[in-house]
Amino acid sequence: MNDMRELLDETVERAARFLDSLPERRVAAARTAQELVPALGGELPRKGLPAADILARLDEIGVQGVVASAGPRYFGFVTGGALPASLVASWLAAAWDQNAFSEVSSPVGAAVEQVAMRWVLEALDLPADAGAAFVTGATMANFTALAAARRAVLLAHGHDVDRQGLQGAPEIMVVVGEHAHATLFKALGMLGLGRDRVSRVPVDGQGRMRADALPDLEGPAIVCTQAGNVNSGALDPVGAVCDAVRSDDVWVHVDGAFGLWARASSRFGDLAAGVERADSWATDAHKWLNVPYDSGLAMVRDADALRGAMSVHADYLPDRIHRDPYEFTPETSRRMRGVEIWAAIASLGRDGIEELVEHNCLQARRFAAGLRDAGWEILADVVLNQVLVAFGDDRATADVIEGVQRDGTCWCGGTSWHGRTAMRISVSSWATTGNDVERSLAAILRVAEDVRARAGAQG
């Protein structure tokens, strides 16, 4: 145990040094994966190394491939940082090493999930009696919620898909917006509903599904809406979609990986009005709630529909006393994932969640204003935390994105918006300050001017 204590102390020291470096650290990784592979290992070693040597190698070599996404100037992929309370909770839970599949295997795992689930539903103003599953992220949250949807709409037609499979089942009509996220199609594929067997609904100029363009919804059917377009941040009119559903065999799902958290804000909550009327919701906690990877939530209005799709039976499993996590999740054995969410909400409270969301949204507006004032084109309304900007033609914009990533002051990614190349700036970290925004804005503008000057010299 003395050796273990020394190892943990050394881990804390190395981790603290890394965290201390984040405010000034170059955001892009120093080395690529292919550069790190030979340094991290050649042939399988015949004899193992001491744990302290492994820790040192990982810290000294592996850290060269770390992207500073936990820091204050990472604006790619809607990635949040890790709140201090959620980080230390994750560390302690890792030491406990709980298999949180059941109350019997981990009473604390079951307890923190119950409390965290209740707090999330309250913070998002969703039905308090909804069922919830703590999963790896929005991809699995969509999969889990849509599995419940598949079960429910087919049971309405007398077909038990969990026992009988899809063979002989009535065809399910799946409706998605033209800008639905790629991972939604991945979930549909895994469920046997087909990535290409969907009815696509046109969107407006901001990427919102047009409720007036919905097809005739004859069940069994699932309508997949979106709260938070991955590029523009815009939210589909979920309430209007629900108005169009008048049948028990039509299910409305909301993919709300980050945009669902707008409901925690009194200032931006109206953008998500009507979302509470849907049948299921998916969201990430490692985005706007700022907990460590990986962490997502699937929430289903009818808890029995979720339990029916996810439950498992075996002689060796304990008899259920209360709510057992394995009845609601795709996994059986699983880490104590709910603890980071519990710790984050316990540290923030309702007011802190609202402040985090609103602060990031206002920071996004500052980015947009600074870029627009410099003469660059903002391509979509800034409704939440997403900014889309073009720096002239597609080639120039791509050059600016590459230059910003190479510069290292901040990190922003590229995307395509209505056929144009764009830089996407996603602001979602608790650690981002006003000074970080100004430093990043100055770096982006400096790179953009350099690109324009080079283009002018070549022309």
Among Ala298, Ala262, which is the only one that is crowded, with 24+ Cβ neighbours inside 10 Å, touching a Cys at 6+ places or on another chain (Cβ under 9 Å) and within 29 Å of Ser90 (Cα to Cα)?
Ala262
Number of positions in region 1-50 that are closer than 26 Å to Leu87 by Cα, charged (D, E, K, R), surrounded by fewer than 13 Cβ atoms within 10 Å (Cβ to Cβ) and more than 30 Å from the chain's Cα centre (by Cα):
4
Any chance you could count how many residues in region 336-349 are out of contact with any helix residue (DSSP H, G or I) (no Cβ under 6 Å at 6 or more places or on another chain) and in contact (Cβ under 8 Å) with a residue 40 or more places away in the chain?
3
For region 422-440, how many residues meet the condition of being surrounded by fewer than 21 Cβ atoms within 10 Å (Cβ to Cβ) and part of a helix (DSSP H, G or I)?
4
Out of (1) touching a residue at least 12 places away in the same chain (Cβ under 8 Å); (2) out of contact with any Lys or Arg (no Cβ under 6 Å at 6 or more places or on another chain), the odd one out for His159 is which?
(1)
Right, Ala141: under 19 Å from Ile341 (Cα atoms), assigned to a helix (DSSP H, G or I), among the small types (Gly, Ala, Ser) and at pLDDT 95 or above or not?
yes
Quick check: anything in region 332-350 within 30 Å of Ser106 (Cβ to Cβ), modelled with pLDDT of 95 or more, among the acidic types (Asp, Glu) and outside any loop (DSSP other than H, G, I, E, B)?
yes
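Here are Gln363, Gln405: which of them is polar (S, T, N, Q), in contact (Cβ under 8 Å) with a residue 60 or more places away in the chain, buried (at least 17 other Cβ atoms within 10 Å of the Cβ) and in contact with a strand residue (DSSP E or B) (Cβ under 7 Å, 6 or more places away or on another chain)? Write out each step before concluding.
Details: Gln363 fails: in contact with a strand residue (DSSP E or B) (Cβ under 7 Å, 6 or more places away or on another chain).
Step by step, each of Gln363, Gln405 is checked, and only Gln405 is polar (S, T, N, Q), in contact (Cβ under 8 Å) with a residue 60 or more places away in the chain, buried (at least 17 other Cβ atoms within 10 Å of the Cβ) and in contact with a strand residue (DSSP E or B) (Cβ under 7 Å, 6 or more places away or on another chain).
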Which numbered condition trips up Gly349, out of (1) buried (at least 17 other Cβ atoms within 10 Å of the Cβ); (2) within 30 Å of Ala116 (Cβ to Cβ); (3) of a type in the set (Gly, Ala, Ser)?
(1)
What tally of residues in region 328-346 results from selecting those that are surrounded by 20 or more Cβ atoms within 10 Å (Cβ to Cβ) and of a type outside the set (Lys, Arg)?
11
For region 295-309 the number of residues that are in a loop (DSSP other than H, G, I, E, B) and out of contact with any His (no Cβ under 6 Å at 6 or more places or on another chain) is 2
Picking from Ser90, Ser102, which residue would you name as being touching a residue at least 40 places away in the same chain (Cβ under 8 Å), surrounded by 14 or more Cβ atoms within 10 Å (Cβ to Cβ) and farther than 16 Å from Ser295 by Cβ?
Ser102
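Sort out which residues of region 387-402 are over 14 Å from Leu441 (Cβ atoms) and in contact with a strand residue (DSSP E or B) (Cβ under 6 Å, 6 or more places away or on another chain), and write them in order of number.
If the condition is that a residue be over 14 Å from Leu441 (Cβ atoms) and in contact with a strand residue (DSSP E or B) (Cβ under 6 Å, 6 or more places away or on another chain), then Leu388, Ala390, Asp394, Thr397, Ala398, Ile401 are the ones that fit.
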Being over 23 Å from Ala364 (Cβ atoms) and not aliphatic (A, V, I, L, M) is the filter; apply it to region 296-310 and report the residue that is nearest to the chain's Cα centre (by Cα).
Arg301
In contact with a Gly (Cβ under 7 Å, 6 or more places away or on another chain) and farther than 16 Å from Ser429 by Cβ: is that true of Leu36 in this structure?
yes
Ala156 passes all but one of (1) more than 21 Å from Ala89 (Cβ to Cβ); (2) buried (at least 20 other Cβ atoms within 10 Å of the Cβ); which number fails?
(2)
Could you tell me whether any residue of region 357-380 is of a type outside the set (Val, Ile, Thr), in a strand (DSSP E or B) and either modelled with pLDDT of 95 or more or closer than 19 Å to Asn290 by Cβ (or both)?
yes
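The values are calculated or read from the model by the stated rules, or taken from the named source; none is laboratory data. All of these numbers come straight from a predicted model, not from anything done at the bench. Cβ coordinates were reconstructed from backbone atoms using ideal geometry, including for glycine residues, and neighbour counts include every protein chain displayed.
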